[in-house]
Amino acid sequence: MSARRWIIAVWAGLCLAGIATSSALNAGTHTDKPESPTEKPLPTGAYSVDCQALADDIEQARAEAERARQEEPLKGRATAKTVWVPEECADELEDRGLKTR
């Protein structure tokens, strides 16, 4: 057998091995096993939000930014951060003097 035929035979064997491996991997994702991600129940209903912890985090971030501004006032840094919070937390944030829209 010539060198060219050996190269073609090895190449064809590698191609078949790759096709078989790909097929085996793809077959594993389409099974109806209970541990399959498609079989997991999706969450429904309302999520509970800890508005006090959220307000605490915002106040802590503001305090750290203010501390950094006071330590290095001549750096000329400006920081801004927008935080999206659930509507049910608006009262908690307004009670603490944090702006809401």
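The values are calculated or read from the model by the stated rules, or taken from the named source; none is laboratory data. Values in this document were obtained by computation on a predicted structure and should not be read as measured data. Please note: Cβ atoms are built from the backbone with ideal geometry, for glycine as well, and neighbour counts cover all protein chains shown. Side chains included, ligands, DNA and RNA excluded: accessible areas come from the protein's heavy atoms. Shrake-Rupley method; radii C 1.70, N 1.55, O 1.52, S 1.80 Å.
Given a Förster distance of 35 angstrom, what is the FRET efficiency for Val49 paired with Leu14, based on the Cβ-Cβ distance and rounded to 0.05?
After rounding, the FRET efficiency stands at 0.05.
In the context of the full protein assembly, Arg67 retains an accessible surface of approximately 130 Å², using a probe radius of 1.4 Å and ignoring ligands and nucleic acids. Couplings 3J(HN,Hα) of region 11-20, computed from phi: 4, 5, x, 5, 4, 5, 5, x, 5, 5 Hz, in residue order, whole Hz [Karplus 6.51 cos²θ - 1.76 cosθ + 1.60, θ = phi - 60°; x for Gly and Pro].
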